[in-house]
Amino acid sequence: MTCKLDNHYFKDVSTLNVIDIYRILELYEVNDPCIQHAIKKLLCAGIRNGGKNKLQDYREACSSIERHIDMRIEDIQRQ
């Protein structure tokens, strides 16, 4: 299967030597800090320092997404 770079799921990274989580967030224009945190937790679940296992990272990702949703509801209610 060949990949089309015009597909929104693919990004051209041919000029980069390495890609880290921050580059991924930038490439996909993820600007909300709650969503950034959730994505980082999901992609790096259980492999970072701090002794957290995958389940704990998944729970924290869910909490970050829930906070994002709560903030959007707060914004709508203020209008």
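The values are calculated or read from the model by the stated rules, or taken from the named source; none is laboratory data. Since the structure is predicted, the reported quantities are computational estimates derived from the model, not experimental observations. Here Cβ is always computed from backbone atoms with ideal geometry, including for glycine, and neighbour counts include all displayed protein chains.
Under the condition of being more than 16 Å from ASP20 (Cα to Cα) and under 15 Å from the mean Cα position of the chain (by Cα), the residues counted in segment 36-68 number 12. The single condition among (1) surrounded by 11 or more Cβ atoms within 10 Å (Cβ to Cβ); (2) over 12 Å from the mean Cα position of the chain (by Cα); (3) at pLDDT below 95 that ARG72 does not satisfy is (3).
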